[in-house]
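The structure appears below as structure tokens.
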Amino acid sequence: MKVIHVASEMHPIAKVGGLADVVHGLSKELIRMGHEVEVVLPKYETLLLSHVKDLQKIDSRWHGKVDHVPVTFLEMENISLKSIYGEPDDPSRFIAFCKAAASYIKKADIIHLHDWPTSLLATLTDHKTVLTIHNMQHQGLCAGGIGLPDPINPDQTNLLRTGIENADSVTTVSPTYAKEILSTQKGCNLQAVLKKKGVTGILNGIDTDWWDPKIDPNLLVHFPPNVAQAKMQNRIALQKKLQMAPPKGKLVAAITRLDPQKGPTLIRAGLHHTLEKGHQFILLGTPSTAEMEKEFSTLQKEYANNPNVHFHFEFDHALGHMLYASSSLILIPSIFEPCGLTQMLAMRYGTLPLVRKTGGLADTVFEKINGFVFEKPDAVELTRALDRAFTCSNSKWEILQKNALESDFSWTASAKRYLTEYRTTLS
Ligand code: ADP
């Protein structure tokens, strides 16, 4: 089968969030299974080209390979590609990209679209399309005329809605989120459209080659077999490098975009509680707004003289890997979470997730099995869950950690489900 992903992100060359990991991981796995795959991306100026092999230019297109996945980069006349998102007119940039992709793609069994940036392509191609929704909150609202109107403001076009109505099939990134987005509360005004269309939930996988504590070049000490010892050695080195106090109690991490979706108030409450109980905390977080930046830099100032906490507000791959390998717990108190990769990455590195029961977190983390779970988005429930973790006996912790380490979150199972979806779409 020939599958072409048309996307706005791809790990590791153009990454903002989990969408990038899905495009990369699913493509690699489909190729491994013997299928023909290509990824089509905008030729951003910020692409990390050191990860692209055999790059060559043919007319206005660039072709190369990322981890053996053929990738085509498109340039569009008079369209700024300075950054992935955040330019004054993102919808127009991605509409131009969809048009360029439609005229580039000549032959495919399935064109796989991702979120609002590439949704419009469903109306511009005769090929069969599958649209994956990674996050309902972002819908690509723009001036009317090109796609379907927005249900709330009919003068505007809603690119995601256009994609949902016109794609041959629609999926989202976890079974629980697939149910949640049919509700008024989480459907972001598109619940009726989704109900009519039908949506399949397929849990994301993680790239187990890239995220492998046995060989990860970012770690000081690899594991297994000696998980506890290796994690502690990594932790000692990391805390020293970050000029923190030596290890004391548990190390709690948060590795996240600092965004209302991720429960910033709960992250703050979790940080306070962790330190109050004599444990340590590292926050690796990228603020998504000026407000978030202000809120968290105030928190950083509050703890300026506390050596048991460290704040890092950049997107830092290497620190992320080392932090997964060094931490005891990862805090993920999301208000909603379509799938979430951090809980799966953490488990692969023997770090227990402490999560709110929502979306993909509810499908992957289970209390008393492989982590700690709370339901209501409030600080009382969160601190109770933290206390359960802090008072968990060593023997019980080892069982949870073993279960976490043995979980199979590789792309194999997810890719098989996508293939079933592609075949149903083609039949
Ligand atoms: P989302 O896509 O909503 O941001 P996910 O959990 O699906 O959340 O994916 C987040 C990915 O980004 C994970 O691979 C996580 O390790 C990584 N990540 C998030 N913030 C940072 C950061 N500041 N530095 C390094 N990696 C980060």
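Residue check: A404 meets all listed conditions (1) open to solvent by less than 20 Å² (accessible area, probe 1.4 Å); (2) under 14 Å from T256 (Cα atoms); (3) over 18 Å from the mean Cα position of the chain (by Cα) but one, namely (2).
Considered as a group, the residues in the range 190-222 that are modelled with pLDDT under 95 and open to solvent by 70 Å² or more (accessible area, probe 1.4 Å) include one that is nearest to the chain's Cα centre (by Cα), and that residue is W210.
Pairing each residue of the range 335-353 that is farther than 14 Å from L203 by Cβ with any residue that is of a type in the set (K, R) and within 9 Å of the ligand (Cβ to nearest atom), provided the two are 6+ apart or on different chains, yields C-beta distances under 9 Å for I335/K262. Screening Q261 with (1) outside any loop (DSSP other than H, G, I, E, B); (2) touching a helix residue (DSSP H, G or I) at 6+ places or on another chain (Cβ under 7 Å); (3) of a type outside the set (S, T, Y) gives one miss only, at (2). From the list V16, V52, V3, the lone residue that is within 16 Å of the ligand (Cβ to nearest atom) and of a type outside the set (F, W, Y) is V16.
Scan the range 149-164 for residues that are buried (at least 20 other Cβ atoms within 10 Å of the Cβ) and not polar (S, T, N, Q) and the total you get is 6. Return a yes/no flag: does the range 312-321 have any residue that is more than 24 Å from Y177 (Cβ to Cβ) and either in contact with a Pro (Cβ under 7 Å, 6 or more places away or on another chain) or away from the ligand (no atom under 16 Å from the Cβ) (or both). Yes. Evaluated against (1) at negative phi; (2) within 16 Å of the ligand (Cβ to nearest atom), M232 falls short on exactly one condition, (2). Could you check, for the range 86-100, whether at least one of its residues is over 25 Å from the mean Cα position of the chain (by Cα), away from the ligand (no atom under 16 Å from the Cβ) and closer than 27 Å to L426 by Cβ? Looking through the range 86-100, at least one residue is over 25 Å from the mean Cα position of the chain (by Cα), away from the ligand (no atom under 16 Å from the Cβ) and closer than 27 Å to L426 by Cβ. The set of residues in the range 100-111 that are farther than 16 Å from S8 by Cβ and part of a strand (DSSP E or B) contains only I110. Against the criterion of being farther than 29 Å from C188 by Cβ, more than 14 Å from the ligand (Cβ to nearest atom) and at pLDDT 95 or above, R348 does not qualify. Residue count for the range 60-85, restricted to those that are surrounded by fewer than 17 Cβ atoms within 10 Å (Cβ to Cβ) and in a strand (DSSP E or B): 3. With respect to the conditions (1) part of a helix (DSSP H, G or I); (2) open to solvent by 40 Å² or more (accessible area, probe 1.4 Å), K248 falls short on a single one, namely (1). Taking the range 1-59 as the region of interest, the strands (runs of 3 or more DSSP E) fully inside it that hold 1 or more residues being surrounded by fewer than 18 Cβ atoms within 10 Å (Cβ to Cβ), at pLDDT below 95 and not polar (S, T, N, Q) are 53-58.
Applying the criterion of being in contact (Cβ under 8 Å) with a residue 60 or more places away in the chain and of a type in the set (G, A, S) to the residues of the range 88-138, the residue that is surrounded by the most Cβ atoms within 10 Å (Cβ to Cβ) is A101.
Applying the condition of being more than 16 Å from the ligand (Cβ to nearest atom) and among the hydroxyl-bearing types (S, T, Y) to the range 251-294 and asking which residue is most open to solvent (accessible area, probe 1.4 Å) yields T265. Could you list, in sequence order, the residues of the range 101-116 that are under 22 Å from the mean Cα position of the chain (by Cα) and closer than 21 Å to Y422 by Cβ? Across the range 101-116, the qualifying residues are I111, H112, L113, H114, D115.
Output yes when any residue across the range 94-111 is closer than 25 Å to G360 by Cα and not aromatic (F, W, Y), and no when none is. Yes, the range 94-111 contains at least one residue that is closer than 25 Å to G360 by Cα and not aromatic (F, W, Y).
The values are calculated or read from the model by the stated rules, or taken from the named source; none is laboratory data. Values in this document were obtained by computation on a predicted structure and should not be read as measured data. All Cβ positions, glycine included, derive from the backbone under ideal geometry; neighbour counts span all protein chains shown. Quick note on the areas: whole protein, heavy atoms, side chains included, nothing else; ligands and nucleic acids left out. Shrake-Rupley method; radii C 1.70, N 1.55, O 1.52, S 1.80 Å.
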